[in-house]
Protein chains: 4
Amino acid sequence: MISQSGSAMVVGVGPERGLGAALAMCFAEKGLHVFMIGRSEEKLNNIVKLIQETGRSATAIVADVTDEQDVGRCFDVLRERGDIIQVAAYNVDSNIPAPFLQTDVTTFTTLWQQNCLGAFLFAKEIVAIMQAQQQGTVFFTGATGSLRAKPPFTAFASAKAGMRALAQGLAREFSPLGVHVVHTVIDGVIDGDRARNQFPEYVEAKGQEGLLQLEAIAQTYWAIHQQPRCAWTHELDLRPFKEPF
Amino acid sequence: MISQSGSAMVVGVGPERGLGAALAMCFAEKGLHVFMIGRSEEKLNNIVKLIQETGRSATAIVADVTDEQDVGRCFDVLRERGDIIQVAAYNVDSNIPAPFLQTDVTTFTTLWQQNCLGAFLFAKEIVAIMQAQQQGTVFFTGATGSLRAKPPFTAFASAKAGMRALAQGLAREFSPLGVHVVHTVIDGVIDGDRARNQFPEYVEAKGQEGLLQLEAIAQTYWAIHQQPRCAWTHELDLRPFKEPF
Amino acid sequence: MISQSGSAMVVGVGPERGLGAALAMCFAEKGLHVFMIGRSEEKLNNIVKLIQETGRSATAIVADVTDEQDVGRCFDVLRERGDIIQVAAYNVDSNIPAPFLQTDVTTFTTLWQQNCLGAFLFAKEIVAIMQAQQQGTVFFTGATGSLRAKPPFTAFASAKAGMRALAQGLAREFSPLGVHVVHTVIDGVIDGDRARNQFPEYVEAKGQEGLLQLEAIAQTYWAIHQQPRCAWTHELDLRPFKEPF
Amino acid sequence: MISQSGSAMVVGVGPERGLGAALAMCFAEKGLHVFMIGRSEEKLNNIVKLIQETGRSATAIVADVTDEQDVGRCFDVLRERGDIIQVAAYNVDSNIPAPFLQTDVTTFTTLWQQNCLGAFLFAKEIVAIMQAQQQGTVFFTGATGSLRAKPPFTAFASAKAGMRALAQGLAREFSPLGVHVVHTVIDGVIDGDRARNQFPEYVEAKGQEGLLQLEAIAQTYWAIHQQPRCAWTHELDLRPFKEPF
């Protein structure tokens, strides 16, 4: 059964406690069918199951978002369903901190491919669809580094700044055509599987309110998506109240 | 009867179709008692009446927000009620465009007093209250000029940039203490009495969706106020989809 | 005897080891007569003497730069000489750090008057002169706080952000008319009498190269003044190499 | 004969009337041997000849700056000479304007490779050298798009924003180690062979002072290179006085 209210798309869905999954579950809860793109079939299927358990529907697509053909294939699946795409999010966030002189060309390139080139490939498809629909919201999830480059995050910041400029150019070109382009600046650590696995002591020290909770981020994405087009936000920051900035 | 959910405060309430009134009516609709500060008793009473007609309550206070004693008096009234202040907005927006060499010292000073000094006087009181409460959201309504100074708006931009820095400093100092400080960048023309009286042809030419609708702005203020403190926005822009930027 | 090459003007000349004095001495060394505005006759006369000892000339004017009539009087003196004004600098920098709730309205207002209103009064006069000349460079000396507001410098940052916006608006309006408007962001501590008196341990700890040397700043001001108008800089930062940012 | 004062390096040297050549000729004129990297042997040899005619010396290296091995080879040549490298500039500026939906992945990737990846490859080598020297200035030539993404320059802006973040991260990491990292924002059209060939009417309409003259840009690069390390500029804009911004 096709949902009356259309579909959503989230690129970069991984662990159950991750922002991609949280956005997908939020969009599903609101009644949208959700297309989820990720690299791990197992992880995607897990989220599909969770969504189905709530009586909603989702489609998992395993793809490499830095590969043009893979991205094209994702959108073929999406077009088959024929839904209006209400909202989409490019949520790939890949970071490899290193002192600059220890950052090799592969790292620099990979970070750009995942944080910026993938966003470009995604944008080409989604913006064309939303322009034709004359509606839709597209999110690009940025980070502190999108605005300020600090070691050991120089390579990451370079990639994220490239994605931010992409989002800004898209907003200027496609807002007048009815496409709501949003860039979020996530300034702080997200309380999810990644942080809990990679730096558990930090997570512990910050405490629950010192970390960005997944549902709280999703709540703001949805609120921004609800904006009527006479008053659109293009860029906003999100940070825990305790976070220095 | 005192509302269970506390009070709100809006500084800079004027015409019925103005952002101050719209914020007040939005906060009232959500169940908050609203303290409204403005210069015209007649205009304030009109909004009180509109709010009362919806079964809600409001208090009108005539005051000059650039005068320390007047501002103190407003907060005396507010403290008498003894409510929690959930949300407050400094919404004074005074603009006198002029070529720079025709901008006199009185204009430059007045714009600063209304856009920046008043915000400071308001902040001193509201931040102390919210810090004691360990909760509350305080909005500062900014403009395009807050970020970019362009003639003939140099004096206005100087004042607004001053207010933006004030809001930013407050966010850094009081967020960790539980006060949510928000700066909004209103980038475009608000569809209200001011624009309709001052440049009706422009309003006509832009059309309804080319202008920021009052209720749409209020909707976003409320959504930002709803953010849990683990994921607060400090700054966001709001503009019509057609607005070049 | 009137100098062939014209005059310079520095507003905010105080101690011998201060940026105002350093700019004045630099401009004098380049062959310009220098008008110096400050609050202390004694300090000004000291700099006049130093400049005269090098065979150059200067005029000291005691004035309160936040007072319109005083500023008018300074420019009367300047106009009497009838020189071309090659370069001018608004160099007043007044800072009173305090936690926000301990910042009173007098402090907030005074910081604005000295850092921003004085710049406005100065700008009104100097821009009119340089527009008529169709040449001239006018500097506004900013600070870290001009771009980022951090406690305990919120009031200072508000005033400096206001001055920055003023300079930006002036650049947009008067560059096409031949007036070079420059805003400098001094990001770090200047090695002068003020720092040495107020926080000598900090000065000691930073070491000579960890502090902005007066002559080094003046050298860059002069280099920017030398730019042909086909390639003007409007804004630049200056910081010691060791300074974190 | 090896110059006493060391060497300079310019990456991105093409036509005689281009910024790369102008920087090379400026650095040569100041007494530095100049290593010049470009894609056209003919063009490079032409500049070598011009430099030699002034009694100075230069080395031409044909290389693809987006290829890691080619860049390594350039630095092998440079290291052979054994000079101190006083100053270096990454000056590759490649732009292909297009509506977003007509920008293909090859264009997006190529612009990033030339404007950003090449800067990374260059930075890895030059920063290591200058860190060892404990001195040296490295310039990254940016553009309007480095700060603001506007169609039809979205792909270009994305690449340039990436390079800007790279430069900013480098400045934060290597300034304290004695390496002066500078990012310039060229805001306007450079009066050179490229503009004269590609849009001659625009060049004609702007007039000489409406375009950035090559020597004027080089003059500012040199002035910034002369800054003592107690007062370094990291970022500055350069635009013709008539240019709207």
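The local environment of D:ALA149, defined by Cβ-Cβ distances under 13 Å, has a net charge of +4 under the rule Lys, Arg +1 and Asp, Glu -1. Per residue of D:117-125, other chain Cβ atoms within 10 Å of the residue Cβ number 3 on average. Converting phi to 3J(HN,Hα) with the Karplus coefficients 6.51, -1.76 and 1.60 and the offset θ = phi - 60°, the range A:230-244 yields 7, 8, 9, 9, 9, 9, 8, 9, 9, 8, x, 4, 8, 6, x Hz in sequence order, with x at every glycine or proline. Taking Cα centroids, how far is the range A:50-69 from the range B:170-245 in Å? So the two Cα centres are separated by 34 Å. The mean count of C-beta atoms from other chains within 10 Å of the C-beta of residues in A:221-230, rounded to a whole number, is 6.
A cut-off of 5 Å between modelled amide H atoms, ignoring neighbours fewer than 5 places along the same chain, links C:MET9 with C:PHE35, C:VAL87, C:ALA88, C:ALA89.
Legend: mean number of C-beta atoms from other chains within 10 angstrom of residue C-beta atoms, peptide D:179-191, equals 2.
For the pair B:PHE199 and A:ALA132, label points projected 7 Å from Cα toward Cβ lie 3.8 nm apart.
In chain D, the longest principal axis of the Cα atoms and the axis of helix D:19-29 are about 30 degrees apart. Taking 56 Å as R0, compute the FRET efficiency from the Cβ-Cβ separation of B:GLU41 and A:GLU215 and round it to 0.05. Result of the calculation: an efficiency of 0.80. Altogether, the Stokes-Einstein calculation at 25 °C and 0.890 mPa s, with the Kirkwood radius of the protein assembly as shown over Cα pairs as Rh, returns a diffusion coefficient of 82 µm²/s.
Taking the C-alpha atoms only, the angle from helix A:68-81 to the longest principal axis of chain A is near 40 degrees. Add +1 for every Lys or Arg and -1 for every Asp or Glu among the other residues with Cβ under 12 Å from the Cβ of A:ASN46, and state the total. It works out to a net charge of -2.
Near the amide H of A:HIS183, within less than 5 Å, lie the amide hydrogens of A:PHE140, A:GLU235, A:LEU236, all on another chain or at least 5 residues away, with H placed in the peptide plane.
Each Cα pair under 8 Å and six or more residues apart adds its sequence gap; the mean of these over the residue count of chain C is a relative contact order of 18 percent.
Given only helices, namely DSSP H runs of n ≥ 4 each adding -39500 (n - 2.57), what is the per-residue ellipticity at 222 nm of chain D, to the nearest 500 deg cm²/dmol? Walk me through the numbers before you get to the answer.
Working: 9 runs with 108 residues, N = 245.
Roughly -13500 deg cm²/dmol at 222 nm, from the helical runs in chain D.
Tell me whether chain A comes out rounded, prolate or oblate; compute the Cα gyration tensor, take square roots of the eigenvalues as a ≥ b ≥ c, and use a/c under 1.5 as the rounded threshold. Here chain A falls in the rounded category.
Rounded, prolate or oblate: which fits the range B:150-222 when a ≥ b ≥ c are the square roots of the eigenvalues of the alpha-carbon gyration tensor, with rounded for a/c under 1.5 and prolate only if a/b beats b/c? Oblate, since a/c reaches 1.5 and b/c is not below a/b.
Could you compute the net charge surrounding C:GLU243? Neighbours are other residues with a C-beta less than 12 Å from the C-beta of C:GLU243; K and R count +1, D and E count -1. Net of charged neighbours comes to +2.
As an exercise, use a Förster radius of 51 Å and the Cβ-Cβ distance of A:GLN208 and C:ARG73 to find the FRET efficiency, rounded to the nearest 0.05. The calculated FRET efficiency here is 0.25. Rounded to whole numbers, the Karplus 3J(HN,Hα) couplings from phi for the range C:101-113 are 5, 9, 8, 8, 5, 5, 4, 4, 5, 5, 4, 5, 4 Hz, using 6.51 cos²θ - 1.76 cosθ + 1.60 with θ = phi - 60°, and x at Gly and Pro.
Classify the range D:78-174 from the C-alpha gyration tensor, please: rounded if a/c falls under 1.5, else prolate or oblate depending on whether a/b exceeds b/c.
Verdict is prolate for the range D:78-174.
Panel order for A:MET36, A:MET25, by other beta carbons found within 10 Å of each beta carbon, from fewest to most: A:MET25, A:MET36. Where does helix C:154-174 land angle-wise versus the long Cα axis of chain C, in degrees 0 to 90, nearest 10? Around 30 degrees separate the two axes.
Calculated on the Cα set of the range B:130-187, radius of gyration then Dmax: 13.0, 42 Å.
We did not get these values from a lab; they are worked out from the coordinates using the rules stated. Computed from a predicted structure; not experimentally measured. Reconstructed Cβ throughout: ideal geometry from the backbone, glycine too, with neighbour counts over all protein chains shown.
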